[in-house]
2 protein chains.
Amino acid sequence: MNRASSPETVTPTGGGNGRNGRAAYDLPAVLDIAVGAFNDYGYDATSMGLLAERLGTSKSAVYYHVSGKEDLLRLALERALGGLEGILTLPGATAGPAEDRLRFVLRGAVQVLVDDLPYVTLLLRLRGNTEIERNALERRRAFDHQVSQLVDQARADGSLRADVDSGTITRLLFGMINSIVEWYKPGGTLTPAQLADDVISVAFDGLHRPA
Amino acid sequence: MNRASSPETVTPTGGGNGRNGRAAYDLPAVLDIAVGAFNDYGYDATSMGLLAERLGTSKSAVYYHVSGKEDLLRLALERALGGLEGILTLPGATAGPAEDRLRFVLRGAVQVLVDDLPYVTLLLRLRGNTEIERNALERRRAFDHQVSQLVDQARADGSLRADVDSGTITRLLFGMINSIVEWYKPGGTLTPAQLADDVISVAFDGLHRPA
DNA sequence: ATAGTTTTACTGAACGATCGGTAAGTAGTG
DNA sequence: CACTACTTACCGATCGTTCAGTAAAACTAT
């Protein structure tokens with residue numbers, strides 16, 4: 001019914017397993033399956049029963065690996081946010097002209113998006129229904145705010161146009177980049193590096209043919 | 001707890017009502033409340049009970065106006081899709097140079113997005129869990145495809161850069177525009193017309209200061 | 001080497017809560 | 001008295017979660 005890899009192909013942990021022929025899953029494997037399901041159906045519409053079905057085990061087996069549904073969400077969001085926040089600590093994001101730093105961060109964001117595609121996808125679709133979700137949204141806003149400050153600095157330097165509001169620019173920029181999770185399929189002809197180049201180029205130079 | 005208008009402020013249909021002091025709601029009013037809740041919590045996470053609470057009535061009172069939860073979704077999506085599809089039938093979208101038609105459609109899309117903000121928001125967050133959702137997603141894809149053809153034509157005319165893949169351009173373009181539903185708040189200093197101008201300008205000319 | 005013990009990784013059944021939806025009755029209006 | 005716009009009470013299904021039990025692997029002791 002679905003085109004994802006069948007449960008049996010994922011992570012028999014190598015060594016020991018349960019009783020009969022069944023494979024033993026470890027936490028990262030369960031998390032991978034869970035995030036995939038969350039993205040396919042939405043977090044709320046994904047039941048623990050369906051998750052178990054995708055793993056080829058029972059509902060309660062999942063509870064051996066994680067403490068609950070929200071725990072899976074928390075783990076997944078931590079990974080996505082960690083990747084994004086990591087960009088801002090890199091040298092390329094902290095030193096040099098503002099426009100260069102902005103380009104570095106945007107390129108890094110595209111890289112993280114592609115590397116941890118399902119995890120970031122999950123993050124970008126949050127609604128803030130629970131405390132965990134609201135906490136993640138806050139961290140995401142903090143990241144956006146940091147990038148927004150880079151835009152401000154680049155504008156002050158005269159590198160960026162000043163006829164459009166700075167907040168609007170940041171939001172349109174992220175709108176463009178974040179939309180990648182909705183359509184990019186890794187493994188195609190468009191490589192992550194080329195995608196990053198395209199995004200940066202379209203963002204800075206626009207759609208018109210180069211003069 | 002939430003900052004939306006309290007139930008009592010919306011649409012006592014004017015004339016006749018039920019029994020005691022309670023107001024009588026009509027279908028558009030129920031739909032408005034429902035779409036607002038769907039966007040706040042997500043469609044799946046929004047229960048009919050919560051909907052009734054927001055309306056200030058009982059769960060089953062909602063069923064007097066609509067045949068069920070999915071009916072509310074169907075009605076809302078019809079409105080959003082009708083608005084978008086309508087743009088493509090307008091003269092500005094069917095005659096003239098490809099770049100002008102593209103600009104017209106993008107501007108129109110921004111306009112519809114803002115005019116029917118909650119309805120389009122709902123559309124853009126669909127996951128395709130039910131037949132109704134899948135049908136709406138198909139219509140949305142058809143709309144995107146028509147715009148994609150405009151991009152192709154503008155490229156063939158030499159109006160748009162040809163060094164970036166046409167599909168990538170269309171997707172980044174929609175990524176930018178569709179992101180508006182995630183942050184635009186009507187009634188602020190940024191008017192819909194100014195927003196449309198900014199979007200078109202950033203998309204075609206990029207972020208660099210004009211030469 | 002083998003017996004006994006502990007640990008790992010589950011199974012199947014059941015829990016209370018909540019879900020979308022329904023049935024039957026009723027207060028107010030024309 | 002018919003009609004509108006509800007009400008309260010409830011249905012079966014499904015939700016996330018828990019629990020007691022257990023087969024097999026891993027470890028320890030002799």
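Some notes on this structure:
- Tally, over the range A:33-45, of residues that are within 14 Å of DNA strand C (Cβ to nearest atom) and surrounded by fewer than 21 Cβ atoms within 10 Å (Cβ to Cβ): 2
- Restricting B:162, B:154 to those that are more than 29 Å from residue A:39 (Cα to Cα), part of a loop (DSSP other than H, G, I, E, B) and outside the structural domain of residue B:44 (by TED's automatic domain parsing) reduces the list to B:162.
- Here B:47, B:60 are screened, and the one residue that is modelled with pLDDT under 95 and out of contact with any Pro (no Cβ under 9 Å at 6 or more places or on another chain) is B:60.
- Of all the residues in the range B:150-202, those that are polar (S, T, N, Q), more than 10 Å from chain A (Cβ to nearest Cβ) and within 18 Å of the chain's Cα centre (by Cα) number 1.
- Subset of the range A:185-203 (residues that are buried (at least 18 other Cβ atoms within 10 Å of the Cβ) and of a type outside the set (Val, Ile, Thr)): A:195, A:196, A:198, A:203
- The set of residues in the range A:49-65 that are surrounded by fewer than 18 Cβ atoms within 10 Å (Cβ to Cβ) and touching a helix residue (DSSP H, G or I) at 6+ places or on another chain (Cβ under 6 Å) comprises A:49, A:56, A:58, A:59.
- Selection count where residues are near DNA strand C (Cβ under 8 Å from one of its atoms), closer than 19 Å to residue A:130 by Cβ and either assigned to a loop (DSSP other than H, G, I, E, B) or of a type in the set (Asp, Glu) (or both), scope the range B:46-70: 2
- Number of positions in the range B:34-63 that are in contact with a Ser or Thr (Cβ under 7 Å, 6 or more places away or on another chain) and within 8 Å of DNA strand D (Cβ to nearest atom): 1
The values are calculated or read from the model by the stated rules, or taken from the named source; none is laboratory data. From a predicted model like this one, the values you see are computed outputs, not experimental measurements. Methodologically, a virtual Cβ is constructed for each residue, glycine included, from the backbone with ideal geometry; neighbour enumeration extends over all protein chains shown.
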